[in-house]
Structure formats: structure tokens, C-alpha cells
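Report on one structure; see the data block that follows.
Derivation of every value follows stated rules applied to the coordinates shown; laboratory data play no part. Predicted, not measured: the structure shown is a model, and the values here were computed from it. So basically every Cβ, Gly included, is an ideal-geometry build from the backbone, and we count neighbours across all protein chains shown.
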Amino acid sequence: MNAAALRAGFARLMPAPPSGPLPLKLPRRRIYILPTRFGLVYGTALFFLLLGSLNYNNNAAILLALLLGMVAMASAFAAVRLLSRISIVEIHCTEAFAGDVQSCRLRVSADRGGIIGDLTLRHGDTHVAALRDADGTGVFTWPWPATRRGRRAIGRIRLGTVYPLGLFHAWSVLEPHSDTVVYPAPESPTVALPMSPEQPGQRSGAERGEEDWHALREFQRGDSLRGIAWKVSARHDRWLVNETRHASQAPMPRFSLEQVASVERELGLSRLTAWILAVESQQQPYSLRIGDRTLGPGLGIEHRQRVLAALAELP
């Protein structure tokens, strides 16, 4: 039986870990402690030292053994006290597509004073040490493979320490109410963007040609910074955007699941993801229709995250 199976069996015997929204404090009654390998060697040596001193009635050796035992007990108390002061205050994971590796960041703080810095975190099979931040808090950063799309919970996190002397390993398991979304992997290479139906009486771009006539309008969220008329905006004390007749009459992309209904579901979601990223890079507003719900039109990071999350959470 391997170590992972032993840990899983041991975890099933333990009570359910504390869970809840952030900030989440480590409860004192759910902190466990065991001697490390070095602690076992230390304890064995201490036992034989005490046994020999009693056998030979050596008071100095007995006093030394008792002092070393007090050091070990103080070390165990310090490890538990350190964990009892810890709270998880923030968990953040970067954006990721299926097949990528998501970078997660967890921040912990102490009730009184800064983190001493000898904390470790285990998430799944990943084991990382804390880095002390400028504000005195502890920060953990670790990679988390994103194997499939959808919303996934952070799950169980184990915080531990061998502070201060490495004689004991104290730990606690928590399950914060935090999750992240893995977006569908974009199709590569993808097919061309679908043609949006033009409005009645609207000429196509080929019929319009490149017209240099333009007008000025107020800046709107999602507009490209390249279209801002900087000199005119400075004179009028507000942002104004150059709008060519070609740009003002260009049809807006409107995406829907019906456009990819002819292909397999996962491939269709990957194709929609690739189209959305393409129009985002062109700074072009777009919308997405899923059933009776329509997202947008819009542009920008928040709109992109909302649209891609809707695709990721589809059954």
C-alpha cells in the first residue's frame, strides 16, 4: 500500500474538516501533532540518557535529561500555538483553460504579529512552503492542473509546521468555501468566424469600400484606445472617439450554441471559445445567447469572464 492510499484511509477516519467562507480560522481542537523522524530519534536518545542516569544515580545527567524533555514539550506547545493563530484570508486562482495549469495563491495571517514563516501547505499531491510577504502575512503559490472544464471547488487544504526545532509536526485540515472556473480549451486552428446577418438595407463592407468620412462620439466602455481623438478630447475635457462610417455600420458578432450544433458538444464549446477570444483581441463588442439567456453585448475582461464561465458551466 502506497503513501497516498495510507493518507486517504487515515483521512476517512478523521472527523470532517472545518469549512466555511473566508476568512477561515484554524480551530484549536482540530490541530493534530505527531513527532517527526528527528523527534523520534531525539526522544529515543533522551530515554536512554534518562535510563542510564537513573541506573548510575547521576544527578547531573538526570537534570540534563529533564531539561531536554522540557525543551521538547515547549517545542510541541509552540507548534500548536503557531497554528492556532492562523487564518486563511484569501484564495485566488488565475484564469485557465482546460489542459492548462492554473496558478493558485493562498494568503494567511496571524491574530497577533506576523507569520513566523515555517508553514507548509499540502493541496492534493502538491506540497509547498510559505513565503513571507512585505506586510508580514504568509503566501503560498502552487500549480494546479486544469484537466477539464467547469467550476471546481478548492477542496481540502492542509496547513502544517515543524516550528521551532523540527521535533514535532503539527497540522490542521480545512475546507474553505472557495472555487474557480476552468474555461473550455479554445479550438486551434479554428474555423472562420460566422457571418452575422446584416440589417435590412445595409451594404456590405465590400460595397462600402474604405471610406475616410468620420464623426466624433462619446467614448463608451469597450472602445479601443486607438480610436480616441486625443487632441480633440483634450480641448473638450472629455474622451471622444473617431467613428468611421465603415465601423459604425459593421455588424456585431452574435454567438449562440445553434452555430455549433452540428459538431460534438466539447468541440462546439471550444470553437465558441476561440471565436470569443478572436473578437476580444480585435476590440469588437459581441454577445452570446444560451437558451433564453443573452449575455451582452459587451467587451472587456469582465464580459469575457462572464461569457466563458457560462460556457464552462454548461452540462
HN-Hα couplings for the stretch 130-135 via Karplus (6.51, -1.76, 1.60; θ = phi - 60°), in whole Hz with x for Gly/Pro, come out as 7, 10, 7, 7, 5, 8
Once both label points are put 7 Å beyond Cα along the C-beta direction, the Arg226-Arg151 separation in nm becomes 3.7 nm
Residues whose built amide H sits under 5 Å from the amide H of Asp179, excluding neighbours closer than 5 in sequence, are Ile154
If each K or R counts +1 and each D or E counts -1, the residues other than Gln259 whose Cβ falls under 11 Å of its Cβ total +2
A convex hull over the alpha carbons of the stretch 3-183 yields, per residue, a volume in Å³ of 135 Å³
Net charge (Lys, Arg +1; Asp, Glu -1) of residues whose beta-carbon lies under 15 Å from that of Ala110, Ala110 excluded, is +2
Chymotrypsin sites (Phe, Trp or Tyr not before Pro) in the stretch 54-122 lying in a DSSP loop, each with at most 11 other Cβ atoms within 10 Å of its Cβ, come to Tyr56
The exposure ranking of Val71, Val108, fewest beta-carbon neighbours within 10 Å first, is Val71, Val108
Going residue by residue through the stretch 179-187, the Karplus relation 6.51 cos²θ - 1.76 cosθ + 1.60 with θ = phi - 60° gives ³J(HN,Hα) values, rounded to whole Hz and with x marking Gly or Pro, of 9, 9, 10, 9, 7, x, 5, x, 5
Taking a crude spin-label model, label points 7 Å out from Cα along the C-beta direction, the Ala234 to Leu314 distance in nm is 4.8 nm
